[in-house]
Amino acid sequence: MKLGQSFEELKLTGRLPSPPGVGMAILKLTEADDFSVADISHAIQTDPALTGRILKFTNSARSVSVSPITTVDEAVVRVGVQSIRTVVLGFSLISAYSEGACEAFDYGRFWSESLARAVGAKRLSQSIGLAVPAEAYSIGLLSGIGRLALASVHSAEYSKVIGRSGGEPRMLLKFENEAFAIDHGQAGACLLRDWGLPESHCRAVDLIERDYDPEAEEAATQDLVAVVRLATRIAEVCVAGEDVASEIWNRIETLRHGTNLSPDELISVCDQIVTEWKDWAQILDVQTNDVPPFSEIRMLATEPEQSDSPLAGARKDRPLRVLAVDDERVSLRLLSHQLKADGYDVTEASGGKEALEMALSTVPDVIVTDWKMPGMDGLELCRTLRRHEIGQSIYIVILTGMEDEDAVVEAFESEIDDYVTKPFNPKVLRARVRAGARVVELKRQVAADQSQLRENLAALAVLNRRLEKTSLTDPLTQLPNRRFAMERLGEAWGRHDRNGAPFSLIMIDIDHFKRVNDDFGHDTGDEVLRNTAAVLDDETRESEVVCRLGGEEFLVICDGGLAGAEACAARLRESIEANVIEHGDFKEAITISLGVAYAESDDDSLDDVLRRSDEAVYQAKRDGRNRIVILSAPQTA
Amino acid sequence: MSDQHQDHESPLDATVIASLMDLGGEPLLAELVDLFCADAPSQMAELQEAAREGDAARIAAAAHSLKSSCANLGAVRLAELSRQLELAGRAGTIESAADVIELSRVELERVSAALKEHLS
C-alpha cells in the first residue's frame, strides 16, 4: 500500500491539521464504541457559540421545517451523530487554520470556498433530491481538507505546486502526486478516515475531482460526489473574480443537464446559496466577497464572442509564453528580440540549468534553446524536462549549427519537437515557432474537450443517480416508495437473520381517508397525503425511515427494538393529531392508526413481521382508530 | 578561405547588418554590438588559453560561443575561422590551432572596429 505509506509519512510529521477544543473532544469521544448521544451533545454545549451554530446547521439542513429544533440533543438525533460530528470538526478547524505557513495557499479564501461548497452542497441536495442534506453540508465543508493538509505539511514545496498548477484542479492533483506521491483528494480521504468518518463519505472526498467507475462505488458515495462536485463549481464562482466566474459557469451549465433543474431554477438556487453563504460566513468569521447575481454571470458566459470550450476561451487572449535559452549573450538577445517582435511573451535563460528551473516553475508553452551550452546542454535540458509530467507538454525547438545538422537525428531521439539552424533566418524561426504554437493550441483544445467530456460524464452520472432515486421515490409525497421500503426491509431482515440485529416496523394508515376524498375531492386528498407525509418525515429521526407504501398507507422502518419504535409511534400519532391541514374548504387535523411489530427470534421470515404489523393496524382500527397497537408473536408452547 | 584580398573588404556582411536594422533598428544593433564587444575579448582570451594548454574540448567550446555571436552580427570571416577551430577542437586536431587563433584575433579587431564604425 504505497498510498497508505505516503499518508503515514504525512502523519509522522505531526503537522497534519487537527481540530482543537470541542472538535478534538468529540473526536476522542467518538473513538470509543460506546459513546452516547448525550455525551456528544454535552461536549457541544460546553461551547455556547458552537451550540448556536449546530442548531442553525440542523434547522437549515431539514427539508421541512414545521417546528425548529431548539436543543442540541434533538439536533444530534435528528440529523445523526455522523453529520454533527463532521460539522463540529469543520467548524473547529476554521478558527484554528485561518492562517498558516504556505505562502501560495490563501487560507481565508480556502475556508470561504469550503463554506460556499458546504452551503451549496446542502442546497443542491435539497433541490435535486440527491444525498442527505446534512451529510452534503458536512462533506462539502471538509472535501478540500486534503489541500489544507498538504499546505500544512509541505508548506514551501506546496507553494510551488500551486503556482505550477495555475489553479486548474486536475493539474493540481497531477503535480501533487509528482511532488508528494499523494494528492489532496487521497490525503483528504485518508485524513477523514483517520477521524473515523464513514467510508462512503471518505470515498466521496477522494473522488470529487476524479473520473471514477460508478459501478465500483456505493450509491451513497455517488450521490455525495454528484452533489458536492456541482457545489464545488458554484463555490469556485462565488470566490472567483467576475471574469473567471462566467467561464466556470459553462461547466456548471453542463453539470446542470444531469439535474432536474431548469436554467432559471439553477440560477435561483445559486443566488440562494450566495445569501446563505454570506450568512454563515458572518457567523463563522470567514471572509466573503461580492458576487454578482447569477443571472448576470450567465449573461456574461453566454455572450456570443465566448468560445464554446471554456478552457480554450480562458487563455485565448493570452500570448504564448516562450522561454529563450542561450549561453551566448548576443544570440540570446537577438533570439528574444525576434520572438518578442513576433508577439510572444518571452523570458530568457542563459543556460540549461537556469532554463530547467524556470521551465518547471513557470511552465512555458514553447522553449527555444541553443544546443551546445556548457553545463546542461539543450538536449539534456530537453531529456530532463520530458521526464517530468509538466515538461511533456512543452513544445521544444532546438537551435543547431549548420555542421550539426546530421546530428539532428540524435536530437529528435531526445524528444525535441523541431530544430532551426543557426544563425537563424528570422522568417524560418517565425514559421517554426508558429507551427509549435499551433500544436500547443491544439493540445489545449484537446484538453478543453476532454474536460468538457468529463463534465458531460459527470452530468450523466448525476442523471443516472437521480433516475434511480426517482424509481425509489413516491412522486406525490417525495417519500421513499414501496420498492425502496422492500429493499430496505430485505436488508434489515438480512442483518437480523445473520447477527440478530433488531429492527421494528410501524405500519400507519390514515383514518377515514376515503371520506376526505369523497367530500372534498382528490386535490384535497392529495394535499392531506403530502402534508401528513411531511409531518411524519419531520418527526422521524435518522435511524427511522418513513416510506409511502401506497394509498393512505405508510411504513416506518426503525433500526432498533420495540422501545424506540413505541416512542416514535407515540410521537407520530400526537403530531398528526395536532397538525391542522388547510386546503380549500378543508380545515381539520386528521388522525392515524398505527401498528407496531418488531423482529423476534421465532420469526421465520420478514413476512411474519410484516403480517403482525398489518394485523396490529387492523386491530387499532377496530379498537376505534387514532391509536397504537403493538403485536408480539404469539408465545409458542 | 585565407584570401589576402579580404583584408581590404569589410569584415561584415552588409545584408546581415541590414536585416538587424530591419528587425530592431539602431537600438537593437547598438545593444548587440555592446554585448559583442563586451564578450568577444574574453571568448578570445579563453581560446588562447585553451590553445596554450592544448585542451581540444575547451577550444571547441570557446570557438562555438564566438562563432554564434559573430555569425549573428554578420562577421562571416571570423565566424568561419571560429567554425574551423570548433571542428578542429572536436576532432582533436589542434596542431595549427594557434595560427588560426592568431588570424581570428586580428579579424576580431577589424570586426570590432567595423561594428563601432557602423554605429557612429
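The values are calculated or read from the model by the stated rules, or taken from the named source; none is laboratory data. Computed from a predicted model, the values in this text were never measured in an experiment. Using ideal geometry, Cβ is built from the backbone for each residue, glycine included, and neighbour counts are taken over all protein chains shown. SASA here: full protein model, heavy atoms, side chains in, ligands and nucleic acids out. Shrake-Rupley method; radii C 1.70, N 1.55, O 1.52, S 1.80 Å.
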- [ ] Please determine, in degrees from 0 to 90 and to the nearest 10, the orientation of helix A:329-341 with respect to the longest principal axis defined by the Cα atoms of chain A, where the helix direction is its Cα long axis.
- [x] 50 degrees
Open item on the list: Below 8 Å, C-alpha to C-alpha, sequence gap of six or more: please give me the relative contact order for chain A in percent.
Closed with: 10 percent
Task: the protein assembly as shown - share of DSSP beta bridges that are antiparallel (%, nearest 5) - done: 55 percent
Open item on the list: Tell me the relative contact order for segment A:341-412 as a rounded percent, counting alpha carbon contacts under 8 Å between residues six or more apart.
Closed with: 33 percent
Task: Cα radius of gyration and Dmax for segment A:390-444 (Å) - done: 11.8, 36
TODO: Return a whole-number percent for the relative contact order of segment A:411-554, with Cα pairs under 8 Å and 6 or more residues apart as the contact set.
DONE: 24 percent
Task: Geometric extent, Cα atoms of segment A:116-270 - Rg, Dmax (angstrom) - done: 15.3, 44
TODO: Convert 20 °C to kelvin, take the viscosity as 1.002 mPa s, use the Kirkwood radius over C-alpha pairs of segment A:473-534 as Rh, and evaluate the Stokes-Einstein diffusion coefficient in µm²/s, rounded to a whole number.
DONE: 155 µm²/s
Task: Rotationally averaged projected area of segment A:1-106 (alpha carbon convex hull; nm²) - done: 9.1 nm²
- [ ] Divide, for segment A:503-637, the radius of gyration over alpha carbons by 2.2 N^0.38 Å, where N is the residue count.
- [x] 1.06
Task: Shape parameters for segment A:112-175, alpha-carbon atoms, Rg then Dmax in Å - done: 14.3, 42
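Show that you can apply the helix-only estimate: for the protein assembly as shown, add -39,500 (n - 2.57) for every DSSP H stretch of four or more residues, divide by all residues, and state [θ] at 222 nm to the nearest 500.
It comes out at -21000 deg cm²/dmol, rounded to the nearest 500.
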TODO: Calculate the tail of P(r) for segment A:183-277: the fraction of all Cα-Cα distances greater than 20 Å, expressed in %.
DONE: 44 percent
Task: 1.4 Å probe accessible area per residue over segment A:1-158, in Å² - done: 39 Å²
Task: Between segment A:323-378 and segment A:482-523, the alpha-carbon center distance in angstrom - done: 73 Å
Task: Residues in segment A:420-439 occluded by at least 20 Å² - accessible area, probe radius 1.4 Å, against chain by itself - done: A:422, A:423
Open item on the list: Largest first, please: the extent of the C-alpha atoms of segment B:39-120 along each principal axis, to the nearest Å.
Closed with: 41, 18, 18
Task: Residue (of B:84, A:281, A:17) at the positive-pole extreme of the protein assembly as shown, dipole from beta-carbon charges - done: A:281
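Using square roots of five times the C-alpha gyration tensor eigenvalues, list the equivalent-ellipsoid semi-axes of segment A:311-420 in whole Å, biggest first.
Here the semi-axes work out to 21, 16, 13 Å.
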Task: Volume per residue that the Cα convex hull of segment A:559-637 spans, once the total is divided by residue count, Å³ - done: 113 Å³
- [ ] Please quote Rg/Rh for chain A to two decimal places, taking the Kirkwood radius as Rh and restricting both calculations to Cα atoms.
- [x] 1.09
Task: chymotrypsin sites (Phe, Trp or Tyr not before Pro) within segment A:388-422, DSSP loop, no more than 10 other Cβ atoms inside 10 Å - done: none
Task: Cα centre as origin, Lys/Arg/Asp/Glu Cβ charges: segment A:1-43 dipole, Debye - done: 280 debye
Task: Residue of B:82, B:96, B:104 that the Gaussian network model of chain B assigns the largest fluctuation, springs spanning Cα pairs under 10 Å - done: B:96
Open item on the list: Counting only protein heavy atoms and a 1.4 Å probe, tell me what percentage of segment B:34-120's accessible area is made up of carbon and sulfur.
Closed with: 54 percent
TODO: State the percentage of accessible surface on chain A attributable to carbon and sulfur atoms; use a 1.4 Å probe and exclude ligands, DNA and RNA.
DONE: 49 percent
TODO: Determine the total buried accessible area between chain B and chain A, counting protein heavy atoms only with a 1.4 Å probe; round to the nearest 100 Å².
DONE: 1700 Å²
- [ ] Take each uninterrupted DSSP H stretch in chain B, measure its Cα extent along the helix axis, and return the ones at 27 Å or beyond whose mean Kyte-Doolittle hydropathy is at least -1.0.
- [x] B:14-53, B:97-119
